[in-house]
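As structure tokens, the structure follows; a few thoughts come after it.
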């Protein structure tokens, strides 16, 4: 019986580093990883990606990753999520961070380089780690 896929939410900074060619992330969308992981984002991440500083100047082709991503649009569907985010808001989180936390609650893990967002994940009961940590854990679990 096949194991269910891990659902990983990708923060904007992870996708930007992938598109910039960060060597440690080049295995992110390989068939070996995608056999075990499905990746998700929300409209906030897509907006941040499109508005990223210098994206147009570098001719980044966002279509190269679009087929690897599921877009989550139902961030505030549960009262429990809303309550957890109210608690996280007390730590002076940016509205986009709250939307990312809300969407990532539908996933097994949030992958981000944002240290504050990883810390906020604890109060929102979201497992958060860097993509390198995740990929290393994934190799160990194979």
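Since every read-out is calculated from the coordinates, none of them should be taken as a lab result. Bear in mind that the values here come from a model prediction, so they are computed numbers and not experimental data. Quick reminder, even Gly has a Cβ in these numbers, built from the backbone with ideal geometry, and neighbours come from all protein chains shown.
Just to verify a number: FRET efficiency for residue 133 and residue 66, C-beta to C-beta distance, R0 = 22 Å, to 0.05? Working from the Cβ atoms, E equals 0.30. With each label modelled as a point 7 angstrom along the Cα→C-beta vector, the residue 122-residue 51 pair spans 3.0 nm. Taking a ≥ b ≥ c as the square roots of the eigenvalues of the Cα gyration tensor, segment 100-142 is classed as prolate, since a/c reaches at least 1.5 and a/b is larger than b/c. Fewest neighbouring Cβ atoms within 10 Å first, the residues 11, 137 line up as 137, 11. For segment 1-53, the square roots of the Cα gyration tensor eigenvalues, ordered a ≥ b ≥ c, give a/c of at least 1.5 with a/b no greater than b/c, which places it in the oblate category. Sorted fewest first by neighbouring Cβ atoms within 10 angstrom, 15, 25 come out as 25, 15. Label separation (residue 113 vs residue 73): 3.0 nm, computed from points 7 Å beyond Cα along the C-beta direction. Put in line by how crowded their Cβ is, counting other Cβ atoms within 10 Å and starting with the fewest, 12, 27 read 27, 12.
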